[in-house]
Amino acid sequence: MTTPTKILLLTSSILGDGGQSRGLAEHFKHQVAERGDVQITERDLVADALPHLDSAEFASWMVAEEERSAEQRELAARSEAALAELFAHDVLVLAVPLYNLGIPSQLKAWFDRVLRAGQTFRYTENGPQGLVESKRAVILAARGGQYVGTALDSQTPHLRHMLGLMGIEEVDFVYAEGLAMGDRHREASIGEARQAIGHYVSSRL
Ligand SMILES: Cc1cc2nc3c(=O)[nH]c(=O)nc-3n(C[C@H](O)[C@H](O)[C@H](O)COP(=O)(O)O)c2cc1C
């Protein structure tokens with residue numbers, strides 16, 4: 001028997017089950033449901049939200065494990081859990097709404113826990129080097145307007161650079177855009193995104 005592909009699915013819509021990115025995530029899950037060779041772990045970064053990273057938590061990372069206070073152990077555990085979960089999976093699926101031209105702050109809070117020097121990347125004389133090997137990512141992006149290919153799409157390079165910093169270079173994007181631009185536009189866009197998800201699942205997983 002082959003080892004199953006392990007997928008970590010992170011959702012971050014503040015609209016819960018009504019969120020369009022959640023809908024894309026559900027479609028992704030549905031597409032892989034029949035596959036015995038794929039396992040999904042799902043985490044709702046809004047329901048299970050991490051607080052903003054602050055100085056006390058950041059400082060806890062700098063203290064050797066055996067020297068941490070009880071409070072520092074608790075603070076460091078947030079990042080350690082996120083890192084362990086990341087390293088335990090092969091494919092990262094991020095369902096990402098566009099909020100105020102960026103990613104949800106809850107998703108940024110997750111990146112703030114996993115983008116750690118010495119853990120997922122290191123600084124070298126030639127610049128940062130990613131330490132996360134053999135992983136890839138797919139982004140399921142839901143947006144009210146249309147931005148792909150324009151300077152306003154800061155979300156795409158931001159996600160690519162954060163993942164790239166860790167060494168995750170293979171990143172695919174599925175976009176459902178124009179979701180606030182009328183029913184016809186929304187339905188067509190979601191239909192295309194669902195098709196792209198089906199294609200990804202059948203050809204890439
Ligand atoms: C707080 C908030 C901010 C938003 N900001 C933008 C925006 O800057 N540009 C845009 O095109 N759509 C914006 N939208 C629309 C969302 O991108 C759209 O509703 C999308 O479906 C969000 O994903 P979700 O449904 O999974 O939450 C915003 C929606 C909310 C709730």
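Key figures for this structure:
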{"item": "Angle in degrees between helix 105-114 and the longest Cα principal axis of the chain, rounded to the nearest 10", "result": "40"}
{"item": "Pairs of Cα atoms farther than 21 Å apart, region 103-205, %", "result": "46"}
{"item": "Under the Karplus curve 6.51 cos²θ - 1.76 cosθ + 1.60, θ = phi - 60°, whole-Hz ³J(HN,Hα) for region 182-188, x wherever Gly or Pro sits", "result": "x, 4, 4, 4, 4, 4, 5"}
{"item": "Length-normalised contact order of the chain in % [C-alpha pairs under 8 Å, at least 6 apart]", "result": "22"}
{"item": "Selected from Ser21, Val38, Tyr147, residue furthest toward positive end of dipole (the chain; charges at beta carbon)", "result": "Tyr147"}
{"item": "HN-Hα J in Hz across region 61-78 - Karplus 6.51, -1.76, 1.60, θ = phi - 60°, x for Gly and Pro", "result": "5, 7, 9, 4, 3, 6, 9, 6, 6, 4, 5, 5, 5, 5, 5, 5, 5, 4"}
{"item": "Per-residue ³J(HN,Hα) for region 124-131, Karplus 6.51 cos²θ - 1.76 cosθ + 1.60, θ = phi - 60°, Hz, x for Gly and Pro", "result": "10, 4, 9, x, x, 10, x, 10"}
{"item": "Sum of side-chain charges, Val32 neighbourhood, beta-carbon under 14 Å (Lys, Arg +1; Asp, Glu -1)", "result": "0"}
{"item": "Inter-part distance where region 131-187 and region 108-124 are each reduced to a Cα centre, Å", "result": "20"}
{"item": "Nearest-ten-degree value, helix 20-33 long axis tilted from longest Cα axis of the chain", "result": "90"}
{"item": "Longest segment of the chain lacking GluC sites (Glu not before Pro) that sit in a DSSP loop with at most 14 other Cβ atoms within 10 Å", "result": "35-124"}
{"item": "Under 5 Å, built H, 5+ apart or other chain: amide partners of Phe173", "result": "Ile139"}
{"item": "For region 57-152, share of DSSP beta bridges that run antiparallel, in % to the nearest 5", "result": "40"}
{"item": "q = 0.16, 0.30 Å⁻¹: log10 I(q)/I(0) that the Debye formula gives for region 1-66, counting C-alpha atoms only", "result": "-0.72, -1.26"}
{"item": "Relative compactness, region 43-100, computed as alpha-carbon Rg over 2.2 N^0.38 Å", "result": "1.35"}
{"item": "Antiparallel content of DSSP bridges confined to the chain, in %, to 5", "result": "15"}
{"item": "Total charge dipole magnitude, region 67-147, about the Cα centre, Cβ charges on Lys, Arg, Asp, Glu only, Debye to nearest 20", "result": "240"}
{"item": "With eigenvalues of the C-alpha gyration tensor scaled by 5 and rooted, the chain, Å", "result": "30, 20, 17"}
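Readers should treat all values here as calculations from the given coordinates under stated rules, not as data from a laboratory. Keep in mind that this is a model prediction, so the values were computed, not measured. For neighbour counting, all protein chains shown are included, and Cβ atoms are generated from backbone atoms with ideal geometry for every residue, glycine included.
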